[in-house]
1. Can you tell me how many residues within the stretch 22-43 are modelled with pLDDT under 95, assigned to a helix (DSSP H, G or I) and of a type outside the set (Val, Ile, Thr)?
2. What do you reckon, is residue 38 open to solvent by less than 40 Å² (accessible area, probe 1.4 Å) and of a type outside the set (Gly, Ala, Ser)?
3. So is residue 30 of a type outside the set (A, V, I, L, M) and surrounded by 16 or more Cβ atoms within 10 Å (Cβ to Cβ) or not?
4. Just to be sure I understand the filter: pairs with C-beta atoms under 8 Å, separated by 6 or more residues or on different chains, first member in the stretch 106-122 and closer than 16 Å to residue 83 by Cβ, second member crowded, with 17+ Cβ neighbours inside 10 Å and aromatic (Phe, Trp, Tyr). Which pairs pass?
5. From 117, 138, 130, grab the single residue that is at pLDDT below 95 and within 17 Å of the chain's Cα centre (by Cα).
6. Kindly indicate the residue of the stretch 63-87 that is within 13 Å of the chain's Cα centre (by Cα) and open to solvent by 40 Å² or more (accessible area, probe 1.4 Å) and also farthest from residue 113 (Cα to Cα) among those meeting that condition.
7. Quick check, is residue 102 free of Cβ contacts under 8 Å to residues at least 60 places away in the same chain and open to solvent by 80 Å² or more (accessible area, probe 1.4 Å)?
8. Would you say residue 94 is open to solvent by less than 40 Å² (accessible area, probe 1.4 Å), more than 19 Å from the chain's Cα centre (by Cα) and among the aliphatic types (A, V, I, L, M)?
Amino acid sequence: MRGAAPALWRHLKWRGLALAGPGAGWIVVGLGLILTDRPAVNAGAGPLVDLMCIEAWGGVWIGCGVLGLAAGLMRPGRDVWGFAAVTGPPAWWALSFGAAAIVGRYSPGWATVPVYTVIVLLLGIIAALTGGRRRICTCERGGRGER
C-alpha cells in the first residue's frame, strides 16, 4: 500500500494528474448540481438551464468528469479528448454566467466568470506545456522511470 502513491504518480505525471484531478472534481460538482438546490447557480447558469434542466447539466459535468478521469488514469497515449472533456463544463459555465450578467438576469455573474475562465486557462497551459505526445509510464519501462 505504501508504494501505491509513488506508482500512481509515475503513471500519471502532470498531464495525467491535470486530467484525473479535475475529472474527479467535476463528478462531485455534477452530483452537487443534481442533489442540492442552489438558486444562485440556477440563476447564473440560466442561459444553459434554458436549454436543459440543471440536473441534466449535472449529468454533463459528471460525464465530462468521468471522461477526464478515464483519460488521466488509462494507459498513457493520446488524451486530448480528455482535456476537451474537462475544459468544456467550466468554459460553458463561464459563458453562461457572463451572458446572465450582461443581460441582467444574474448581475453578480460577472464575478464568477474569472473563476471558471482561470480553470480553463490553467488546463490549457498544462496541456500545452506537457504536449500531446504519448506519456510513457513506468509500466512500459519496467518500473525504473527511464525512457
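The values are calculated or read from the model by the stated rules, or taken from the named source; none is laboratory data. Note that the structure is predicted; figures quoted are calculated from it, not measured. Methodologically, a virtual Cβ is constructed for each residue, glycine included, from the backbone with ideal geometry; neighbour enumeration extends over all protein chains shown. Just so you know, the surface numbers come from the protein's heavy atoms only, side chains and all, with ligands and any DNA or RNA stripped out. Shrake-Rupley method; radii C 1.70, N 1.55, O 1.52, S 1.80 Å.
1. So the count comes out to 4.
2. Numbers: open to solvent by less than 40 Å² (accessible area, probe 1.4 Å): no; of a type outside the set (Gly, Ala, Ser): yes.
Taking the combined requirement at face value, the residue does not satisfy it.
3. Values: of a type outside the set (A, V, I, L, M): yes; surrounded by 16 or more Cβ atoms within 10 Å (Cβ to Cβ): yes.
The answer is yes for residue 30.
4. From residues that are closer than 16 Å to residue 83 by Cβ, the pairs are 116/93; 116/97.
5. Numbers: 117 fails: at pLDDT below 95; 138 fails: within 17 Å of the chain's Cα centre (by Cα).
When all the criteria are applied, what remains is 130.
6. In this case the residue turns out to be 70.
7. Details: free of Cβ contacts under 8 Å to residues at least 60 places away in the same chain: yes; open to solvent by 80 Å² or more (accessible area, probe 1.4 Å): yes.
Yes: the conditions hold for residue 102.
8. Working: open to solvent by less than 40 Å² (accessible area, probe 1.4 Å): yes; more than 19 Å from the chain's Cα centre (by Cα): no; among the aliphatic types (A, V, I, L, M): yes.
Criteria not met by residue 94.
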